[in-house]
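Please read the structure below before turning to the comments.
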Amino acid sequence: MISNGCVVEGSVTHSSLATAVFVDTGSKIKDSILLPNVHVGKNCKITKAIVNEGVTIKDDSIIEDPDGNIIVVSAASEWAR
């Protein structure tokens, strides 16, 4: 599900994007939830994650757990700028 006001220049599968989410070129979002006003940089890979409201993800970030657990991303996480 992709809400109004989103811009997706990468790809999104089996995920929910709240309002005003931006996914930059080359980024892949899968099995994830992105809350309002999230900005995903270029060439990122996000799998099984919940990204909190207003978080900006740095370019080239890889957010996925090798064991398949869900990762919660906040503004204080290593991937945020």
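Miscellaneous remarks
- Gyration tensor verdict on the chain (Cα atoms; rounded if a/c is under 1.5, prolate if a/b is larger than b/c, oblate otherwise): rounded
- Where labels lie 7 Å past Cα in the beta-carbon direction, separation of ILE71 and VAL7 in nm: 2.5
- In order through region 24-41: 3J(HN,Hα) via Karplus (6.51 cos²θ - 1.76 cosθ + 1.60), integer Hz, x for Gly, Pro: 6, 4, x, 7, 10, 10, 9, 6, 9, 10, 10, 7, x, 6, 8, 10, 9, x
- Net length available on complete extension from ASP60 to LYS42 is 5.9 nm, with 0.36 nm assigned per residue and the Cα-Cα distance removed.
Quick note: the coordinates plus some simple rules give every number you see, no bench work behind them. In this text the structure is predicted, and so the values were computed from the model without any measurement. Counting neighbours? That spans all protein chains shown, and the Cβs are built from the backbone with ideal geometry, glycine included.
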